[in-house]
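So that we are looking at the same thing, I have put the structure below in structure tokens.
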Amino acid sequence: MSLRKIKVIYNDDGGDKYLFDGKEIKLDSVSGTAGDVARALSSNGFSTDLIALKTADSGRLGDFIKKVTADDAMVFNLCEGAFGKSAFEMHIAALLELYGVKYTGSGPLTLGLSLNKGLTKDILSSRDIPTPEYCVMNEPPSRLKRSLKFPLIVKPLKEDASIGIDSGAVVKTMKELKKRVEYIITKFVQPAIVEEFVEGREFNIAVIGNGNSMRALPPSEIEFVDFPDGIPKICCYEAKWVTESPLYKKTVPSCPANIPEGLKDELQAVALSAYETMGCRDYARVDMRVGEDGNLKVLEVNPNPDISSDAGLARAARAVGLDYAALILNIVGNAAERYGLSGFIAKETSCAQPL
């Protein structure tokens, strides 16, 4: 393998567009994150190539793979999907596996399972990792499953990045539930997952490393500041991505979270268990809520979270003294260590060891 050479690959779907306040807003795409990663690596002496898989390239996938495999270099995999479909995220990792390419991040099975919220919850529940009560619905229900009680939150079964989640996602009556489930099935052409809505505090915990080097970073809390009456306190798509939205400004991350040491330890322990159970590698993020009863529940495991320089994972890394470049080197070091490439990271900059 070529030492000090990394190819940063990402899906360039042109960025999402969102209709807000009567005007169409173009949101950032993963290309910005790819640039952040490439600059962090270049600043530490790596030779980097940026390679984009564009939606229009669906007929030329072979050309993309040739570019990726042309040199014996490691790949930093930032593909969150392919050709405009989140469900194809796992297939890019599978192609890398088939061609024997060494790459950062989780493997295809983990990516595929984690994208399916129902399967994720099945697996977590089987390992006694707490998660809200849930049910997958292929059609609007005629009655409510006994284990479910209002309020409930309704989401697309196989999407990430809060796609399909807005202020109408939380329902309190059968009429609202039927309407929302029908909306999800029609709009996103997939089943809906309906789960207990946990009223309480929301946290996300970044985990980095593998095996003995696996470590949970300080919990980050999403604080819902002066949320309007009648709007559920959730990190919906608008609150997460649309910077012009008042909800974005009122959804404030705080890291490290101001919580008792005991709760911090519990959040980190559960995050590590969820990370390991889902087979995550190198880095991931686990989202949780702590209810008013004090019980925590895992909402999702994201094995391919946003790692741009201003995102939550980078913020959590800074809380333990890792600047952005050091975080990216840590991820590469973890991958190199998995593949037995002891010389891939220069000794003076290696972050492959436990922090």
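Can you give the angle from 0 to 90° between the axis of helix 89-98 and the longest principal axis of the chain, with both taken from C-alpha atoms, to the nearest 10?
Rounded to the nearest ten degrees, it is 30.
Let me ask something else. Please provide three numbers in whole Å: the alpha-carbon extents of the chain along the principal axes, with the largest listed first.
Reported extents, whole Å, longest axis first: 59, 50, 39.
Taking every pair of alpha-carbon atoms in the stretch 132-196, give the share separated by more than 20 Å as a whole percent.
13 percent
So, in Å, what gap is there between the alpha-carbon centers of the stretch 279-344 and the stretch 33-75?
About 21 Å separates the Cα centre of the stretch 279-344 from the one of the stretch 33-75.
Mind running the shape call on the stretch 187-328? Use the C-alpha gyration tensor, a ≥ b ≥ c as the square roots of the eigenvalues: rounded below 1.5 for a/c, prolate if a/b tops b/c, oblate otherwise.
rounded
A further question on this structure: Can you tell me the FRET efficiency between residue 139 and residue 261 if r is taken as the Cβ-Cβ distance and R0 is 45 Å, rounded to the nearest 0.05?
0.45
Roughly how tilted is helix 324-338, in degrees to the nearest 10 and between 0 and 90, from the longest Cα axis of the chain?
Orientation of helix 324-338: about 80 degrees from the principal axis.
If you add up the charges near residue 328, with Lys and Arg at +1 and Asp and Glu at -1, over every other residue whose beta carbon is less than 12 angstrom from its beta carbon, what do you get?
Once all neighbours under 12 Å are counted, the net charge is -2.
Assign unit charges at the C-beta atoms only (+1 for Lys and Arg, -1 for Asp and Glu), then state the dipole size of the chain relative to its Cα centre in Debye, rounded to the nearest 20.
560 debye
Search the structure for amide H atoms under 5 Å from the amide H of residue 299, placed 1.01 Å from N in the peptide plane, and list their residues when 5 or more places away or on another chain.
Result for residue 299 returns 287, 288, 289.
Let me ask something additional. For residue 42 paired with residue 146, estimate the spin-label separation in nm (one decimal), with each label point 7 Å from Cα along the Cα-to-Cβ line.
Result: 6.2 nm between the two label points.
Beyond 18 Å, what percent of the Cα pairs of the stretch 250-355 remain?
56 percent
Going by alpha carbons, how many degrees (0 to 90, nearest 10) lie between the helix axis of 174-188 and the longest principal axis of the chain?
Tilt relative to the chain: about 30 degrees.
What order do you get for 286-297, 317-328 when each peptide is scored by the mean count of other beta carbon atoms within 10 Å, highest first?
Listed from highest to lowest mean packing, they are 317-328, 286-297.
Every number here is computed from the coordinates shown, using simple stated rules; none is lab data. All values derive from a computational prediction rather than experimental measurement. Here Cβ is always computed from backbone atoms with ideal geometry, including for glycine, and neighbour counts include all displayed protein chains.
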